[in-house]
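Everything below concerns the one structure shown next.
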Amino acid sequence: MRPRWWVPLRDARAYAFVCVCVCVCMYTHARVHVPRLIRSSLNAAANTRVGQRTSARTTTTTTTTTTTTTMAQPHDEVLAAQEAHLNGLADSEERTIFDKIVSKDIPATIIYEDSLALAFRDINPQAKTHFLVIPKIRAGLTRLSKATEEHKMLLGHLMYTAQLVAKQEKLDAGFRVVVNDGVEGCQSVYHLHLHVLGGEQLTWPPGCPPQ
Ligand code: 5GP
């Protein structure tokens, strides 16, 4: 026979147990499912935008259609940039994939190297010729908007290198230099880099917001 005070105590313990279970469930949901839901809604939004863009392009010229099917799909980069942003990689990554290319820990097709800069082919080309020019030492230049007075010489050197390698790549008819900055600029690797694109007639404008 339990004493009379036992009944409310037993109820309180059951109540506490239920509360703990609810808290654990809520915590798990917040940690695991919410980021996944955000990511999938971002993916859906990006895919919709790309769908609109692709259909707009298909009606313009057949040449453009061929280009979009043979080259990597542009939304990959939008997603990569959003993922990098969501995962908090911006400015926080100790060693980026580009640092590993500089140190030759991972392979890349390097087409130019000097004491300050490295140029290598983009793994996911968006034009017949597409290479990246990066500073060998990131030195705080995770993105262009982080540039300070001290970076002026290095930035000039990267621009100079871009045209030097473009000549080496025989892009005499012209080329385009692009720097993506931050999530809305579609930056996915937070180590400053110049994209150099060419080798064929490029189109304009480069970024196409939904109509
Ligand atoms: P962002 O989107 O940051 O402006 O450009 C990053 C670029 O780096 C993308 O065009 C992407 O294809 C390229 N990239 C990412 N990882 C690698 C890699 O491991 N090797 C090479 N060669 N390029 C990469």
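The values are calculated or read from the model by the stated rules, or taken from the named source; none is laboratory data. This structure is a prediction, so every number in the text was calculated from the model and none was measured. A quick note on method: Cβ atoms are made from the backbone with ideal geometry, for glycine too, and the neighbour counts reach across all protein chains shown.
Could you list all residues from region 181-201 that are over 22 Å from T142 (Cα atoms) and within 15 Å of the ligand (Cβ to nearest atom)?
Within region 181-201, G198 is the sole residue that qualifies.
Considering only residues that are β-branched (V, I, T) and touching a strand residue (DSSP E or B) at 6+ places or on another chain (Cβ under 6 Å), which ones fall in region 120-159?
T129, V133, I134
Take L202 and decide whether it is out of contact with any helix residue (DSSP H, G or I) (no Cβ under 6 Å at 6 or more places or on another chain), surrounded by fewer than 19 Cβ atoms within 10 Å (Cβ to Cβ) and under 25 Å from L79 (Cα atoms).
Yes.
Return yes when G207 is assigned to a loop (DSSP other than H, G, I, E, B), farther than 18 Å from V102 by Cα, within 14 Å of the ligand (Cβ to nearest atom) and at pLDDT 95 or above and no when it is not.
So G207 does not fit the description; no.
Show me the strands (runs of 3 or more DSSP E) found entirely inside region 78-180 where at least 2 residues are near the ligand (Cβ under 10 Å from one of its atoms), touching a residue at least 60 places away in the same chain (Cβ under 8 Å) and farther than 16 Å from Y190 by Cβ.
On the way: elements: 110-113, 117-121, 129-135, 175-178.
Where strands (runs of 3 or more DSSP E) fall fully within region 78-180 and carry at least 2 residues being near the ligand (Cβ under 10 Å from one of its atoms), touching a residue at least 60 places away in the same chain (Cβ under 8 Å) and farther than 16 Å from Y190 by Cβ, they are 129-135.
Counting just the residues of region 127-170 that are acidic (D, E) and either touching a Cys at 6+ places or on another chain (Cβ under 9 Å) or more than 16 Å from H195 (Cβ to Cβ) (or both), which one comes out surrounded by the fewest Cβ atoms within 10 Å (Cβ to Cβ)?
That would be E149.
Can you pull out the residues in region 185-204 that are assigned to a loop (DSSP other than H, G, I, E, B) and within 18 Å of the chain's Cα centre (by Cα)?
Correct list: G185, C186, Q187, S188, V189, Y190, H191, L192, H193.
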